[in-house]
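Report on the structure given below.
Bear in mind that the values in this text are calculations on the coordinates, not laboratory data. Bear in mind the structure is a predicted one, so any value in this text is a computation, not a measurement. Positions of Cβ are backbone-derived with ideal geometry, glycine not excepted, and every protein chain shown enters the neighbour counts.
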Amino acid sequence: MLKKTITYTDYNGVERTEDFYFNLNKAEMVEMELGISGGFTEWADRVVKTKDGPTIMKLFKDFISRSYGIKSLDGVRFEKSKEISDAFMQTEAYNVLFVELVTDANAAAAFVNAVVPKNEAPEKPNNIKSVN
């Protein structure tokens, strides 16, 4: 899980510094891997290598949307929903994060590595075919 502190100016002109949480669990990573023909990881690698700007932006928008959530106070749950994700993506904090990730390769790599630790990366099962 990544706790990312973001400073932004809200729509009332007030500067804010807040913590936001991002995480993908193993089940979510498997779903992403199997949801794209050839696998999500291979697809993402190809997109980055070809420097396809529009697709890279779509990739990060989707990655942020899937990984954003609200950690329960007791730390037992990490709440995610379309409504929670949409609410975050309507803030200037999202805009600051998105621009950082699509314009700074080092920040993008650090973000992805923090949200999906290497030791948690799923292996594509041999007996299941990707959809698409």
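Brief remarks on what is shown
- Entries in Lys51/Lys82; Lys3/Lys49; Lys4/Lys71 that, when Cα-Cα distance is taken, lie over 21 Å: Lys51/Lys82; Lys3/Lys49
- Neighbour net charge for Thr5 - beta-carbon separation under 15 angstrom, K R +1, D E -1: -1
- Of the trypsin sites (Lys or Arg not before Pro) in segment 62-100, the ones in a loop by DSSP (not H, G, I, E or B) with at most 13 other beta carbons within 10 Å are Arg77.
- Computed [θ] at 222 nm, helices only, for the chain once each DSSP H run of length n ≥ 4 contributes -39500 (n - 2.57): -15000 deg cm²/dmol
- Among (i) 0.93; (ii) 0.98; (iii) 1.08, the entry that matches Rg/Rh (Cα atoms, Kirkwood Rh) as calculated here: (ii)
- Over segment 1-127, relative contact order from alpha-carbon pairs under 8 Å, at least 6 apart, %: 31 percent
- Under 11 Å, Cβ to Cβ, from Ser85 - net charge with Lys/Arg +1 and Asp/Glu -1: 0
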